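Encoded as structure tokens, the structure appears first; notes follow it.
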């Protein structure tokens, strides 16, 4: 087996746990592909940089969901709550004079992480439909709160007047989105390194354990609830970074950053790419967004049909998303 | 590199290619980016706007001579400012549009305004009716209407009819707040009293509870505003179902509650309801009669234009005029000068002009009564308030940027 | 007192009418989720098509209200069985995630299809004359249409309860909800039971969509716009029960109406806070059996 597959239970092998951990953590050539593509796209498609930056923000957002859903096995319909908290934090900081973008990212991550920890501590006692509804209730409550606090957030009209200082004091955010693109790419790269480190760490392994066999994890005395809340809070913080990037690059925050619709969209992107494998986000988000961009261009009125058909087809014929299909093909070829 | 580009880009470019002009060698090509909410909650109203745009182009294309006007349509899917902004950014940087137009929702134009300033791209707003939006960039001009243009004269009129107290019920977003504020200001300045107000959520399945509350309170007048389309019929039916009119509560509303194309859906709702608006399809001005006839010829006898359509129609007229005046060579600042002094004495809604100070529309407002004409509901104009300016800028002088 | 009493009557009346529509549409979803363990987010699609067919038959073909409703229910129920056998059945053993993705896909497609067939505008029911206007009850006037809905909802709720508690078919359903494998091993044809109850649930949804078209307006985004409310009814009511969703719908309908009437400023916020608190207190639903 070449791919490190967290979805399949690891087979008993002769190697020691230390060797196994080291092997799965080793960097492989294909892991650099997204970055080659990102750099290539910058050179080849200078006029698609705005879309490119949006795609990378969604990749980051989907990646944060993968940590929660793919590794810790928590299915949520409210992940946009943390994206929204991050976006409003960064937006409000910039409106009130804190125009330095990078420090604002850290603040946004911290605020979203705290909200994630608190809400996770409360809702993660439940599972299944109840958990879905509770996460949905969280995102809806925050959305309503932001809507009602119009004097602070701008309500349904959106938060205006975000002005940013140049990046590192040198690079102004330009109309063509060059600086925004590079900024998003670098942040995404840093977060990716962090998540990669995390899922291959003992902590990440124990999360997979929670997902695969909850009873056994309880039996061996693992602090399951605490692990899940920690993962949830980290995922929330990363989603907060994605939201902050969105607020900074579009210089506008609207209520839809904190909506059920966005929670659903990011879920779709991740599942399209493949859940629980770190790279599903890198495939699913671009696939969904480019498909949406193209379809809505070709057929502005009925493009929903084609997106819907794509989803149904994926479930019917391509279980496990793009990466799942890749697996199947790979294993067929090997036989 | 070239090979890589063709390989990678095949799919992505396919979409962009479709937008390329076929007659690329025409003398001048003017590109206009049209951002509207083709899908989502406003789809029905936006379809009216797009019909008006197609009709205007068809009627007047020949006037452009060999100038090619290319409309690039984009769907911002609803009140979705991030998307509107990204689409505008792409239209500016990728498609190199000379003008932007459309914009159904206020938040969307608000998000796009800073881009217009930065890229110096004139924007013709075809709908979004919040007064303050226009100040967000010197490159915006509005041809539709503002809610202050409706609410303020309506408040004055209601007080003049001897109504002493009023309850306001508006949808909870910027245009609704504008209607509430403008009506309340005019009504109380004229001696009336606002006895209660409610802001109803934007996403709202049922209006009955709000109206039942108002019925139980028994005010003399009820001011109402909801976004057009689906909400209009729902709220009007709720008004008639609960028998508010029989209970002696006079409904006064903006035209958003009675779009002409929705009237056939409303059944027998409350004849006699007074609304204010800049356009009614039943107006008998020759320009309007011709407009409606052309519309019905194009889209069938059952299709009627409404005030959304007229905003889009006049928006296209403004764009055509500046294109013709510059012979297809669009200079942003010259375009803004032309737009600021643009006027049309013969729009389907009567004479209109742009106020060069505010870049906002000046137009007649009409008081209309909902009546049965030949067995069908119609908004019959009975009083004209000539050339109404938006009152909001006068009451809210611009504060210097801090 | 003269102020308070009319307010309470208004809230109860409109809240219960709203609740009945929510109940009739959602009860099928509760059964699907309880019986088959299927997270069918696309349940509202059946209600929407029920509404479209009813309105279309009435407005374009002059069919009276009740026959139009019957046709809508039959057509939607039949179509839903085809869907269930062809597509849903393949996913009974799939994960929650696949089911969610699949049904969201169906919703998206339904948005485009309805827009293509009937245009983007909302469809409006032309009520028969007997349901127009107001009726007098105890010296107060109420809209006839909503009074009709309350009566109809109660009749349906009672019939369903009787069918589930008093018939063989109902006993089989209860057995399968409690323990699917055991039910199968004692000779219950669960496949057929699934199809039947799926058809029943979809048919009821179609009825709710048609009858309630004046309360929940029929337009292409119907299935997604009201999804959250349907899910609240099911999750608070407890999956797989008949009584639970009824009580949950009443609670939701009346409290939603009360909020709009009394505290419009915080209406939606309160509903979500209440949902949050209710599910934390009783994770299996307020009226669930767990």
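We did not get these values from a lab; they are worked out from the coordinates using the rules stated. Just so we're clear, the structure is a prediction, and the values are computed from it rather than from any experiment. Backbone-built Cβ (ideal geometry, glycine too); neighbour counts: all protein chains shown.
Details
- Between B:179, B:170, B:198, the Gaussian network model of chain B with springs among Cα atoms under 10 angstrom shows the greatest mean-square fluctuation at B:198.
- Look at the stretch C:267-278: the mean tally of other chain Cβ atoms within 10 Å of its residues' Cβ atoms is 6.
- Using only alpha carbons, chain C has a radius of gyration to Kirkwood radius ratio (Rg to Rh) of 0.97.
- Note on residue B:329 and residue A:290: their simple-model spin labels are 4.1 nm apart, each label 7 Å out from Cα toward Cβ.
- Choice from C:136, C:123, C:99 showing the highest fluctuation, given a GNM over chain C with Cα pairs closer than 10 Å: C:136
- Relative contact order of chain A, taken over Cα pairs closer than 8 Å and 6 or more residues apart, is 32 percent.
- Of the two radii for the stretch C:235-290, the radius of gyration is 1.02 times the Kirkwood radius, both from the alpha carbons; that is the Rg over Rh value.
- Three-way shape call for the stretch A:207-335 based on the alpha-carbon gyration tensor, with the a/c threshold at 1.5: oblate
- For the stretch A:24-84 versus the stretch B:55-134, the gap between their alpha-carbon centres in whole angstrom: 30
- Exposure proxy ranking for B:94, B:142, based on other Cβ atoms within 10 angstrom of each Cβ and starting from the fewest, stands as B:94, B:142.
- Rel. contact order, % - alpha carbon contacts under 8 angstrom, at least six apart, the stretch B:76-152: 27
- Rg of the Cα atoms in the stretch B:97-253, relative to 2.2 N^0.38 Å, amounts to 1.16.
- Over chain B, dividing the summed -39,500 (n - 2.57) contributions of all DSSP H runs of at least 4 residues by the number of residues returns a 222 nm mean residue ellipticity of -13000 deg cm²/dmol.
- Nearest-0.05 FRET efficiency for residue B:190 and residue B:345, computed from C-beta distance (R0 35 Å): 0.65
- Cα centroids of the stretch C:82-102 and the stretch B:306-327: 50 Å apart.
- Taking other C-beta atoms within 10 Å as the exposure proxy, C:43, A:331, A:218 rank A:331, A:218, C:43 from fewest upward.
- Residue exposure sequence - C:180, C:168, B:368, A:125 - by fewest surrounding Cβ within 10 Å: C:168, A:125, C:180, B:368
- Inter-part distance where the stretch C:176-196 and the stretch A:130-151 are each reduced to a Cα centre, Å: 39
- Working from Cα pairs under 8 Å separated by at least six residues, relative contact order for chain C is 37 percent.
- Its DSSP H runs of at least 4 residues, each contributing -39,500 (n - 2.57), put the calculated 222 nm mean residue ellipticity of chain C at -24500 deg cm²/dmol, to the nearest 500.
- With R₀ fixed at 45 Å, the C-beta to C-beta distance from residue A:114 to residue B:216 puts the FRET efficiency at about 0.50.
- Chain A: calculated mean residue ellipticity at 222 nm from DSSP helix runs of at least 4, using -39500 (n - 2.57): -22500 deg cm²/dmol
- Rounded, prolate or oblate (a/c below 1.5 giving rounded, otherwise prolate when a/b exceeds b/c) for the protein assembly as shown by Cα gyration tensor: oblate
- The largest-to-smallest principal axis extents of the Cα set in the stretch B:26-97 are 37, 29, 9 Å.
- Between 0 and 90°, nearest 10: helix C:144-166 axis offset from chain C longest Cα axis: 30
- Rounded if a/c under 1.5, otherwise prolate or oblate - the stretch A:137-225, Cα gyration tensor axes: oblate
- Compared with the dominant Cα axis of chain B, that is its longest principal axis, helix B:307-325 is turned about 40°.
- Highest-MSF residue in chain A out of A:130, A:208, A:230 [GNM, Cα springs under 10 Å]: A:130
- Two-site label geometry, residue A:215 and residue A:103: point separation in nm, points 7 Å out along Cα→Cβ: 5.3
- Angle between chain C longest axis and helix C:267-281 axis [Cα atoms, degrees, rounded to 10]: 40
- Inverse of mean 1/r across different Cα pairs in the stretch C:147-212, Kirkwood, Å: 13.1
- Radius of gyration over Kirkwood radius for the stretch A:34-258, both on Cα atoms: the Rg/Rh ratio is 1.00.
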